[in-house]
Amino acid sequence: MNRIFLFVLILLIIVGGALIGFWAVNLPGSVVINDSRGELVSLHMGVAAIALIVFGGLVAAAWWLISGLFVLPGKIGRARQSGLARKANLALTEGLLAAEAGDPTYALKLARKAVKHAEDERLKLLLEARAAEANDDWAGAERAWGQLTRLPGGQLAGLRGSAMAAAERGDQATAEARAREALGLKSNADWPFNSLFDLQVARGEWEKALETLVIGEKRGLIAGDSLRRRRAVLQTARAVGLPHDRKQDAQKALAEAIRGAPGFPPAAFHGARQLMIDSKEKAAQGVLELGWKARPHPALAQLSRRLVPQDDRHNIAARLKALVATHPSHRESRILSAELAMDEANWVEAIRLLALLVEENPTARLCLLMERALKGYGDKDEAQRWGRMAASASREADWSDIDPKGNAFDFAQRDWSRLVYAFGDVGDLVHPRYESYGRELEAGRVLALTGPEEEKVAPPKAPNGPLTPPLDYASDDD
């Protein structure tokens, strides 16, 4: 393409010169000038015109050459700087790629090379920090990130890198301080909120995490179901950890959690249990029904059974049937209906309901319930067979949330932290006892407890007598 352009240009010059020459030759007249000796010299008009044009070209060429000599040093300097900049940019690019590829030695070598030539201090610090991270030099990385925060346009990136490096060093306080400082900047970046929130949740600082959640909500960084569910988990975890003398604060937090996420069983369980401690059985049953309607869970049914210590069979059955009525098609409601049938010694109906459930998923819990129903029916051989099947059948994760003493959702701090994200982001529960193969409440057994551990004096028996003897466990076949 360039050759064609050059050929056309030369051709145009030749043609133009020929036309000018033809024009000049045909000019009429002559030009008379005095030479150096005072004699008159006559030139044809065309020759004079051509001579004038050539002279002008020579003057222009001389001027271009002289001016070029003046600007030549500057051009040489700019070319040198351009070459150094290209080398620096190449070193920066290759250094960042080496750091990301996991080649820390080469990345550090290129970082030192880039420091000599790069003009933008921010790029040098960025590569230096990345190279230090690739070498697990978190103190060096934090130093480079810290220097970057003081440069224009590098504050937010520097704070993020500093927070991550401090966290890797185990300095959680510095990491939180950097994240909090970044959160105070006017920016649409979501990492300051996420970093600060994650650090607070990891340490079990539920109140601080709730405050950070409010900031995230105001800035539009979190909304919808994730916001409501995360808040419900945090409020429940906070309420469970409050001392007894802050009972009202705990009840208020649990009420807010239930309103925000009625389908969060731990909130419904602990909220109803708090009301049960205050002898507000009707309110507690209302909370359990609300929770069961949103998301049935066996722990809610177990608490409803024990809502009034030593209550009679009729009242217990009425409460459990009220739970079933809120969500009759759910699997837990069908299991609860089978248990109610066994409580009424309606073994045929219980076996029928359990048989349908077993066809769907024969878990150890259902096998044990079937064993109990068959014992009540009188078929001991078949009951023993189902008992043996229970030993190898799969367990139910939700059932493992209830320990052998009937306590439910008795989570450690790390489990609540996991639950913030498991339930908060996708609506799932965590099951620590299931994961650790911990013992759980034996299916087919009905707890007969006098009430929460906080109650020191057992209430009087109901007029119709207790449902079961005052043992840890009791069942119809004992």
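The values are calculated or read from the model by the stated rules, or taken from the named source; none is laboratory data. Quantities reported herein were computed from a predicted structural model and do not represent experimental measurements. Here Cβ is always computed from backbone atoms with ideal geometry, including for glycine, and neighbour counts include all displayed protein chains. We work out accessible area using only protein heavy atoms, side chains counted, and drop any ligands, DNA or RNA first. Shrake-Rupley method; radii C 1.70, N 1.55, O 1.52, S 1.80 Å.
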>> Cβ contacts < 7 Å: first residue among the charged types (D, E, K, R), restricted to the range 282-304; second residue surrounded by fewer than 23 Cβ atoms within 10 Å (Cβ to Cβ) and assigned to a loop (DSSP other than H, G, I, E, B), any location; separation 6+ or different chain. Result?
In response: Lys293/His327; Arg295/Gly263
> Can you spot a residue in the range 221-232 that is in a helix (DSSP H, G or I), under 18 Å from Glu332 (Cα atoms) and open to solvent by 50 Å² or more (accessible area, probe 1.4 Å)?
Replying inline: no
>> For the structure I just gave you, tell me whether Thr174 is touching a His at 6+ places or on another chain (Cβ under 7 Å) and either on the phi < 0 side of the Ramachandran plot or open to solvent by 10 Å² or more (accessible area, probe 1.4 Å) (or both).
In response: no
> Just wondering, is there one or more residues in the range 387-402 that are open to solvent by less than 60 Å² (accessible area, probe 1.4 Å) and more than 36 Å from the chain's Cα centre (by Cα)?
Replying inline: yes
>> under 23 Å from Ser337 (Cα atoms) and at pLDDT 95 or above: which single residue out of Leu254, Leu323 fits that description?
In response: Leu323
> If the Cβ limit is 9 Å and pairs must be 6+ apart or interchain, which residue in the range 231-256 that is without any contact (Cβ under 8 Å) to a residue 12 or more places away in the chain pairs with which residue that is of a type in the set (A, V, I, L, M) and open to solvent by 10 Å² or more (accessible area, probe 1.4 Å)?
Replying inline: Asp249/Leu242
> Can we say Gly263 is within 25 Å of the chain's Cα centre (by Cα) and either surrounded by fewer than 17 Cβ atoms within 10 Å (Cβ to Cβ) or touching a residue at least 40 places away in the same chain (Cβ under 8 Å) (or both)?
Replying inline: yes
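Only one of these is modelled with pLDDT of 95 or more and more than 20 Å from Gln413 (Cα to Cα): Ser304, Ser279. Name it. Steps first, please.
Numbers: Ser279 fails: modelled with pLDDT of 95 or more.
The match here is Ser304.
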> What is the one condition in (1) closer than 17 Å to Tyr434 by Cβ; (2) open to solvent by 40 Å² or more (accessible area, probe 1.4 Å); (3) outside any helix (DSSP H, G or I) that Arg418 does not satisfy?
Replying inline: (3)
> So, in the range 118-164, of the ones that are basic (Lys, Arg) and at pLDDT 85 or above, which residue ends up most open to solvent (accessible area, probe 1.4 Å)?
Replying inline: Arg150
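Quick grid of which residues meet (1) out of contact with any strand residue (DSSP E or B) (no Cβ under 9 Å at 6 or more places or on another chain); (2) open to solvent by 30 Å² or more (accessible area, probe 1.4 Å); (3) within 14 Å of Ala443 (Cα to Cα); (4) not in a helix (DSSP H, G or I):
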| position | (1), (2), (3), (4) |
| --- | --- |
| Ser329 | yes, yes, no, yes |
| Ser337 | yes, yes, no, no |
| Arg352 | yes, yes, no, no |
| Leu369 | yes, no, yes, no |
| Arg372 | yes, no, yes, no |
| Arg385 | yes, yes, no, no |
>> It is to be established whether one or more residues within the range 191-214 are open to solvent by 40 Å² or more (accessible area, probe 1.4 Å), more than 14 Å from Glu176 (Cβ to Cβ), among the aliphatic types (A, V, I, L, M) and in a helix (DSSP H, G or I).
In response: yes
> Any idea how many residues of the range 278-311 are charged (D, E, K, R), over 21 Å from Glu442 (Cβ atoms) and open to solvent by less than 40 Å² (accessible area, probe 1.4 Å)?
Replying inline: 1
> Name the residues in the range 328-362 that are more than 17 Å from Ala397 (Cα to Cα), of a type in the set (Val, Ile, Thr) and out of contact with any helix residue (DSSP H, G or I) (no Cβ under 6 Å at 6 or more places or on another chain), would you?
Replying inline: Val348
> Of all residues in the range 339-349, how many are of a type in the set (A, V, I, L, M, F, W, C) and open to solvent by 30 Å² or more (accessible area, probe 1.4 Å)?
Replying inline: 3
>> Of the residues Ala239, Ala272, only one is open to solvent by less than 20 Å² (accessible area, probe 1.4 Å), at pLDDT 95 or above and closer than 29 Å to Ala179 by Cβ; which?
In response: Ala239
